[in-house]
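Input: a single structure, listed below in structure tokens.
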There are 2 protein chains.
Amino acid sequence: MNSTNRQWKLVSYPTGMPTESNWAMSESPIPEPSSGSMLVRAIYLDVAPYMRGRISSQKNYTAGVNPGELMVGGAIGQVVSSNTPAYQSGQIVVTGHTFGWQEFAVVEPSDVRLVDLDIAPLPCWLDFLGMNGLTAYFGLLQAAEMQAGDTVVISAAAGSVGQIAGQIAKISGGRVIAITSSKKKLGWCRQLGYDDGVNYRTETDLAAAIARVCPNGVDVYFDNTAGIIHDAVMQNLAAHARITICGTVSLADKFDQPDIGERFLRNILVSRARIQGFLVGDYQHHYQKAWARLANWYQQGQLKCEYDIVEGLENTPKAFLRLLTSKNLGKQLVKVGQD
Amino acid sequence: MNSTNRQWKLVSYPTGMPTESNWAMSESPIPEPSSGSMLVRAIYLDVAPYMRGRISSQKNYTAGVNPGELMVGGAIGQVVSSNTPAYQSGQIVVTGHTFGWQEFAVVEPSDVRLVDLDIAPLPCWLDFLGMNGLTAYFGLLQAAEMQAGDTVVISAAAGSVGQIAGQIAKISGGRVIAITSSKKKLGWCRQLGYDDGVNYRTETDLAAAIARVCPNGVDVYFDNTAGIIHDAVMQNLAAHARITICGTVSLADKFDQPDIGERFLRNILVSRARIQGFLVGDYQHHYQKAWARLANWYQQGQLKCEYDIVEGLENTPKAFLRLLTSKNLGKQLVKVGQD
């Protein structure tokens with residue numbers, strides 16, 4: 001085992017799109033777990049779009065990371081030593097956001113779940129059995145109240161949340177439309193069961209493209225991106241459309257500026273649409289049920305996953321930037337230690 | 001009785017803010033009611049913000065008025081002759097939107113309700129006992145799910161829907177904030193029971209002004225206006241805020257142009273706000289209950305009304321423009337015939 005712990009700390013808030021220079025790697029001694037907590041060695045680190053909101057001086061739903069502090073993020077890891085009877089050394093666990101971009105962390109049992117490899121392989125526990133699965137599940141079925149027969153549009157459709165949301169929508173009886181950034185990603189979405197799709201980078205009139213694939217309008221829009229995709233969908237709302245605002249990754253380069261563009265209050269009024277801002281944490285009393293259903297779908301072969309794995313702690317900021325610029329296909333992870 | 005029927009017909013779709021020249025008055029013979037219908041003489045004609053949406057080539061929730069056609073609008077009137085057993089001549093009725101801006105109309109019993117002067121005086125039947133009352137009631141209590149203890153902000157607060165919504169919010173246990181366009185209107189809102197208010201025309205920083213009167217944020221926003229008031233409220237959302245998009249009167253001068261400005265998807269996400277487009281017609285199965293409650297509140301002295309009455313059919317477009325430019329205080333009506 002290493003004698004030091006390598007960590008990525010935030011150096012400065014990004015101006016516009018983040019760059020690698022917004023973080024710096026440093027070393028510190030491996031921490032000791034106090035009574036009631038445990039030391040965990042990272043195997044996979046998570047990088048996810050929500051992290052963009054945490055490295056901004058703008059108001060967010062929870063505390064952000066200040067310059068000089070360890071970058072936030074969940075991990076899959078192995079218990080090295082435990083001062084709590086809840087977990088033993090050698091066990092594999094998945095953690096909440098407090099783990100951070102580092103090799104070792106002291107974590108509390110309340111922030112950890114045990115990984116069961118009989119249910120699904122390791123990376124799945126930061127994917128459909130982690131926050132992404134819950135986000136897709138509650139964002140679609142609760143916040144948007146998706147029903148069988150709905151035409152469901154999903155932006156960032158091949159991304160970590162999108163690929164799961166698309167499959168849940170299909171399992172739930174929807175006609176499901178992918179909006180994504182390449183032909184390769186559209187192909188992957190087809191394999192996942194999406195009925196149709198649009199490449200937003202090659203369409204000259206995105207509103208018309210969505211009208212083409214959604215001739216009866218959009219009943220449910222799972223919005224992971226904001227920006228031009230949002231604008232195009234808002235011009236194609238079916239009556240009583242429901243929109244979940246789950247993420248705004250297309251605004252990653254302008255978190256500190258106003259987002260100026262066309263507003264659609266008349267479209268909302270005329271179609272009696274509902275726009276629901278969404279954070280998965282509001283549904284935590286129902287996580288157990290959602291995890292059970294997600295695991296069940298996976299074991300029945302109804303839920304596929306694709307991973308995009310970058311190797312090495314030193315490449316963590318790079319992996320995060322891949323995500324913000326749509327270069328990943330499937331869930332982006334960083335492998336930082338042996339399984 | 002006159003031998004002719006004077007009518008206001010649309011001449012052209014407005015470009016920007018409507019002007020009187022968008023309509024022309026013409027005369028035609030008084031129509032004869034066919035079997036099953038009745039002839040009604042107008043006493044009060046309605047002018048209301050929804051009419052702006054009907055005189056545009058833009059998509060709306062229902063068919064618009066084409067140039068050359070009679071302008072739409074409800075009326076309070078007296079039955080002149082009836083070919084239906086449901087109503088007798090001499091009775092006073094209130095009609096749906098099909099009456100139109102004219103002195104006489106043939107109407108169907110299904111589009112008419114009997115006015116009961118024991119419940120409330122004549123103008124009330126186009127106000128809190130008409131569509132405005134229902135709009136305020138369902139927009140606040142159903143679409144926004146207002147609860148006791150909520151901080152409720154209402155734009156166009158002294159207007160036809162706003163003045164009723166403010167009182168229902170107060171009856172329902174809210175802390176109620178008026179946004180309106182003059183000191184006089186703010187005074188009227190205080191008389192109605194609003195707890196506090198903001199004059200949007202005199203504040204230099206409207207978002208800061210709303211923060212001042214809503215120190216814990218806005219739980220419910222009843223949006224009758226869109227525009228700068230919407231923008232200011234969106235920067236002051238409490239967690240799980242609910243916004244009813246009921247009207248967009250501040251866009252009256254740009255129905256045929258995109259509404260460009262700041263978008264607030266990050267605010268919606270962070271506060272998990274819900275924006276609900278609203279049309280009262282979606283609640284028609286519950287109208288009877290709402291009318292009964294509204295009448296009951298009025299008779300208990302909990303619901304006041306103010307009218308702004310313009311005299312003469314010839315002034316109907318003028319009255320409508322008063323409304324679009326915020327010159328009215330209370331419900332705008334046009335008196336066109338004897339009680």
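General observations
- Cα centroid separation, segment A:170-206 to segment A:225-261 (Å): 17 Å
- Counting only whole DSSP H helices of chain A, the ones at least 15 Å long by C-alpha along their axis and with mean Kyte-Doolittle hydropathy no lower than -1.0 are A:160-171.
- Label-to-label distances for A:GLN91 across copies, nearest first, come out at 7.6 nm, using points 7 Å from Cα in the beta-carbon direction.
- Secondary-structure-derived ellipticity at 222 nm for chain B, considering helices only, amounts to -6500 deg cm²/dmol, per-run term -39500 (n - 2.57) for DSSP H runs with n ≥ 4.
- Length added when fully stretched, B:GLN299-B:SER57, from 0.36 nm per residue minus Cα-Cα: 82.9 nm
- At full extension, B:ALA207 and B:GLU108 could sit 30.9 nm farther apart than now, given 0.36 nm per residue minus the alpha carbon distance.
- A simple packing score, the average count of other Cβ atoms within 10 Å per residue, orders the peptides A:252-261, B:318-327, B:148-157 as B:148-157, B:318-327, A:252-261, with the highest score first.
- Kirkwood Rh and Cα Rg combined as Rg over Rh, evaluated for chain A: 0.98
- 7 Å along Cα→Cβ, label-point gaps from A:ARG190 to other copies, nm, shortest first: 6.9
- Distance between segment A:86-154 and segment B:291-313 - C-alpha centres, whole angstrom: 55 Å
- Average other protein chain Cβ within 10 Å of Cβ, residues A:254-267: 6
- Inter-probe distance in nm under a simple model that places probes 7 Å from Cα toward Cβ, at A:LYS318 and B:ASN66: 6.4 nm
- Sorted by Cβ density within 10 Å, fewest first, the residues A:ARG54, B:ARG266: A:ARG54, B:ARG266
- Zone of B:LEU117's modelled label, taken as backbone nitrogen in segment B:309-339 under 14 Å from a point 7 Å along Cα→Cβ: B:338-339
- Flagged links, alpha-carbon separation over 20 Å, of B:LYS183/B:LYS335; B:LYS185/B:LYS327; B:LYS59/B:LYS254; B:LYS185/B:LYS304; A:LYS170/A:LYS304: B:LYS183/B:LYS335
- Comment: the Cα-to-Cβ extended label point of A:GLN338, at 7 Å, lies 10.3 nm from its counterparts in the other copies, nearest first.
- For segment A:221-294, size of Cβ-based charge dipole, Lys and Arg +1, Asp and Glu -1, in debye: 460 debye
- Taking every residue in B:273-281 and counting other chain Cβ atoms within 10 Å of its Cβ, the average works out to 6.
- Sorting A:31-38, B:291-298 by average packing, meaning the other beta carbons within 10 Å per residue, from highest down gives B:291-298, A:31-38.
- Which of B:THR98, B:THR316 has the fewest Cβ neighbours within 10 Å, and the rest in rising order: B:THR98, B:THR316
- When the charge dipole of chain B is built from unit charges on Cβ atoms (+1 for Lys and Arg, -1 for Asp and Glu) and taken about the Cα centre, the candidate among B:ASN83, B:VAL107, B:TRP291 whose Cα reaches farthest toward its positive end is B:TRP291.
- Averaged over peptide B:239-250, the number of partner chain Cβ atoms lying within 10 Å of each residue's Cβ comes to 3.
No lab work stands behind these numbers, since they all come straight from the coordinates. Being a predicted model, the structure only gives us computed values, none of them experimental. For neighbour counting, all protein chains shown are included, and Cβ atoms are generated from backbone atoms with ideal geometry for every residue, glycine included.
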